[in-house]
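**Student:** The structure follows.
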Amino acid sequence: MSSALSGVETSAVGLLKRAVELDRKGKMEEALVCYKEGINLFMEVLKGTTDKNKKQTLRQRISEYMERAEKLKEYVDAQIEAGKYHEQIQIANDSTGHSYRSMFGRFLDDLVTEVEVEDPYIRSHHQVCNFLRFCELMVSSVSPIRKIHLLTGRDENFQQQMTKLDELKQSLKDHGVQLQISYSDTLHDREVRFNSGWIIKIGRGLDYFKRTGQFNIGFCDMDLRRCHETTVDIFHKKHTRER
């Protein structure tokens with residue numbers, strides 16, 4: 001086996017171990033993502049393997065993981081249909097690996113065309129930068145997103161806040177995405193809603209990253225940025241009362 005193929009197999013094993021771990025903890029949606037990615041990598045290894053015994057072993061393992069993934073998907077779909085799906089993630093203080101791509105990426109499929117963000121603290125410079133990173137993820141995803149709705153609070157320097165958000169609004173327009181901005185002085189809830197039905201409530205909103213120096217690891221790659229402690233609750237809209 002080539003070194004490249006060996007690396008793919010190592011990645012597959014790591015992903016599937018993670019899938020089993022998440023599965024045991026009841027984090028079903030996260031587990032499903034890891035199962036799918038791990039199985040796809042194992043399929044790549046299978047295609048590039050000539051050893052018959054190795055092929056047989058890989059086929060057996062792929063079959064076992066696919067069977068579990070299918071059962072898990074059936075269970076998740078049933079929970080969603082019954083309006084009972086709820087997943088909770090605890091982000092520990094100083095933990096890493098919680099970029100917006102890690103947090104929201106699994107919900108960005110071809111059904112998502114609109115996103116609603118309610119966060120009273122898209123105000124200061126770094127908070128607007130966080131929202132910009134979130135919008136970049138929306139634009140770069142496979143989802144055909146056409147509208148992003150932001151409801152936030154007013155900063156003490158409201159004019160600067162509006163100037164920054166208006167610049168982002170124009171930039172998104174150049175990418176075919178309409179940004180609608182509203183302000184509320186009484187807003188408290190923090191949540192992200194996709195029109196596919198998924199609702200992600202984050203205790204600290206989008207501002208759960210710790211600040212870091214401009215030339216520190218984690219400044220650009222948010223998966224390497226340390227986080228504040230916060231709780232993330234994930235629902236499907238059938239599990240919440242209609243608005």
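The values are calculated or read from the model by the stated rules, or taken from the named source; none is laboratory data. Here the structure is a predicted model, which is why all the values come from computation and not from measurement. Note that we place each Cβ from the backbone using ideal geometry, even for glycine, and neighbour counts take in every protein chain shown. These area figures cover heavy atoms from the full protein model, side chains too; ligands, DNA and RNA do not enter into them. Shrake-Rupley method; radii C 1.70, N 1.55, O 1.52, S 1.80 Å.
**Student:** By a straight-distance test (C-alpha under 19 Å), which aspartates and glutamates pair with Lys71 as possible cross-link partners, with residues fewer than eight away in the same chain excluded?
**Tutor:** Cα-Cα hits under 19 Å: Glu21, Asp23, Glu29, Glu30, Glu37, Glu81, Glu87.
**Student:** Given the options Ser124, Ser196, Ser140, which has the most mean-square fluctuation in a GNM of the chain, springs set between C-alpha atoms less than 10 angstrom apart?
**Tutor:** Answer for the Gaussian network model of the chain: Ser140.
**Student:** Name the residues whose placed amide hydrogens come within less than 5 Å of the amide hydrogen of Ile122, ignoring near sequence neighbours (fewer than 5 apart) on the same chain.
**Tutor:** Close amide H contacts, sequence-distant or interchain: Gly153.
**Student:** Which loop-located trypsin sites (Lys or Arg not before Pro) does segment 113-192 contain, where loop means any DSSP state but H, G, I, E or B and the Cβ has at most 15 other Cβ atoms within 10 Å?
**Tutor:** Here the sparse-neighbourhood loop sites are Arg146, Arg154.
**Student:** Restricting attention to segment 181-243, which chymotrypsin sites (Phe, Trp or Tyr not before Pro) occupy a DSSP loop and are surrounded by at most 10 other Cβ atoms within 10 Å?
**Tutor:** Passing sites in segment 181-243 are Phe215.
**Student:** Where in segment 122-156 does the amide nitrogen come within less than 20 Å of the point 7 Å from the Cα of Gln214, taken along Cα to Cβ?
**Tutor:** So the set is 124-133.
**Student:** Along segment 176-182, what does the Karplus equation 6.51 cos²θ - 1.76 cosθ + 1.60 (θ = phi - 60°) give for ³J(HN,Hα), rounded to whole Hz, x for Gly and Pro?
**Tutor:** Rounded to whole hertz, the list is x, 10, 8, 9, 9, 10, 10.
**Student:** Carbon-plus-sulfur fraction of the accessible area of the chain, 1.4 Å probe, in percent?
**Tutor:** Taking all protein chains in place, the chain shows 48 percent carbon and sulfur surface.
**Student:** Still on this model: Once ligands and nucleic acids are excluded and a 1.4 Å probe is used, how much of Cys220 is accessible, expressed in Å² to the nearest 10?
**Tutor:** 120
**Student:** Just Ile89, Ile199, Ile148 to compare: in a GNM of the chain, with alpha carbon springs under 10 Å, which one fluctuates most?
**Tutor:** Top of the fluctuation ranking is Ile89.
**Student:** Here's something else I'd like to know. Of the options Leu111, Ser99, Ser143, report the single residue whose Cα projects farthest towards the positive end of the charge dipole of segment 98-150 (beta-carbon charges: Lys, Arg +1; Asp, Glu -1).
**Tutor:** So the residue furthest toward the plus end is Ser99.
**Student:** Between segment 170-240 and segment 136-161, how far is it from one alpha carbon centroid to the other, in angstrom?
**Tutor:** Taking the Cα centre of segment 136-161 as reference, the centre of segment 170-240 is 9 Å away.
**Student:** Using a Gaussian network model of the chain with C-alpha springs under 10 Å, which one of Glu118, Glu64, Glu37 is most mobile by mean-square fluctuation?
**Tutor:** Highest fluctuation among the options: Glu64.
**Student:** Based on the Cβ-Cβ distance from Gln178 to Leu111, what FRET efficiency comes out when R0 is 25 Å, to the nearest 0.05?
**Tutor:** Efficiency, from the Cβ-Cβ distance: 0.85.
**Student:** What's the angle, to the nearest 10 degrees (0 to 90), between helix 158-174's Cα axis and the longest principal axis of the chain?
**Tutor:** 50
**Student:** Work out the FRET efficiency for Glu167 and Asn53 from their Cβ-Cβ distance, taking R0 = 51 Å, and round it to the nearest 0.05.
**Tutor:** Calculated transfer efficiency: 0.30.
**Student:** Still on this structure, please answer the following. Heavy-atom accessible area per residue, segment 121-243, 1.4 Å probe: how many Å²?
**Tutor:** 57
**Student:** Do the alpha carbons of any pairs in Lys27/Lys73; Lys47/Lys73; Lys84/Lys147 sit beyond 21 Å of each other, and which pairs?
**Tutor:** Pairs exceeding 21 Å: Lys47/Lys73; Lys84/Lys147.
**Student:** Counting heavy atoms of the protein chains only and a 1.4 Å probe, report the per residue accessible area for segment 34-86 as a whole number of Å².
**Tutor:** In whole numbers, segment 34-86 has 67 Å² accessible per residue.
**Student:** Would you kindly find the accessible area of Phe158, with a 1.4 Å probe and non-protein molecules such as ligands, DNA and RNA excluded, rounding to the nearest 10 Å²?
**Tutor:** It works out to around 60 Å².
**Student:** Cβ under 15 Å from Ala4's Cβ, Ala4 left aside: what net charge do those residues give with Lys, Arg +1 and Asp, Glu -1?
**Tutor:** -1
**Student:** Moving on to the next point. Can you give the angle from 0 to 90° between the axis of helix 28-48 and the longest principal axis of the chain, with both taken from C-alpha atoms, to the nearest 10?
**Tutor:** Tilt of helix 28-48: around 50 degrees.
**Student:** Oh, and also: Helix-derived [θ] at 222 nm for the chain: sum -39500 (n - 2.57) over DSSP H runs of at least 4, divide by residue count, nearest 500?
**Tutor:** Dividing the helical sum by the residues of the chain leaves -15500 deg cm²/dmol.
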